[in-house]
Amino acid sequence: MLRLVDGMLMEKRRNKMYKLDDRVWYAQMKHVEKRIVCPECFGKRYLTVILGDDSKVTINCAGCSSGYDPAKGYITYSQWETDVKEVVIDNIEITSKEIRYGFDGCYRANNTNMFATREKAEIRATELAEEHNKEELKKLSRKEKSNSTWSWNVHYYRKEIRNAKQDIERYEKRLSVAKNIEGEVK
Ligand SMILES: [Zn+2]
């Protein structure tokens, strides 16, 4: 019981309590998918690698391809933007941990996201969006680690080509045994 009173006092200090039918500003954020030109291939979808003998090979851009999908030339990332709207409280729910306000029939929001003015709600929504955008940035930088595999891809494909060429040579020899024998006889 003491905890309930403490919790309510804390909520009260942070935000004022609202009554049924009060018009308040609800701070939330919305998810937006953004698209930018690939920072590695600049939209070309391939990368050129110069080998030690100055010859060039082109590989699928690892920056804008995912898994076995071909490179797209752009990368997408999630962005959170503020989304503030005025609502009318039609339900109040008090628990030992928080006070929740319902609006639009069923939606419930925590007291910490409800404000008397639009300005205050905007500040809170910006805070929420920035917090989430930081997380998205972290995800993007984790993706960049795939850079280390680019040169490995070149190495791997060239090795496979060499092996395949050796195979062809070996099989061609097996199919021209007579020619080899003739060569020895002469
Ligand atoms: Zn790319």
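Numbers for the structure displayed
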{"read-out": "Condition met for Ser66 (polar (S, T, N, Q) and under 14 Å from Val154 (Cα atoms))", "value": "no"}
{"read-out": "Options Thr117, Thr112; residue that is polar (S, T, N, Q) and surrounded by 13 or more Cβ atoms within 10 Å (Cβ to Cβ)", "value": "Thr112"}
{"read-out": "Residue ID - farthest from the chain's Cα centre (by Cα), chosen from residues in region 51-86 that are in a loop (DSSP other than H, G, I, E, B) and more than 16 Å from the ligand (Cβ to nearest atom)", "value": "Asp53"}
{"read-out": "Condition broken by Lys97, with the remaining ones in (1) basic (Lys, Arg); (2) touching a Gly at 6+ places or on another chain (Cβ under 9 Å); (3) closer than 17 Å to Lys34 by Cβ satisfied", "value": "(3)"}
{"read-out": "Failed item, numbered, when Ser65 is tested on (1) surrounded by 12 or more Cβ atoms within 10 Å (Cβ to Cβ); (2) more than 15 Å from Trp25 (Cα to Cα); (3) modelled with pLDDT of 85 or more", "value": "(3)"}
{"read-out": "Candidate set from region 21-50 (those that are modelled with pLDDT of 90 or more and outside any strand (DSSP E or B)); member that is surrounded by the fewest Cβ atoms within 10 Å (Cβ to Cβ)", "value": "Asp21"}
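The values are calculated or read from the model by the stated rules, or taken from the named source; none is laboratory data. All values derive from a computational prediction rather than experimental measurement. Glycine gets a Cβ as well: all are built from the backbone with ideal geometry, and neighbour counts include every protein chain shown.
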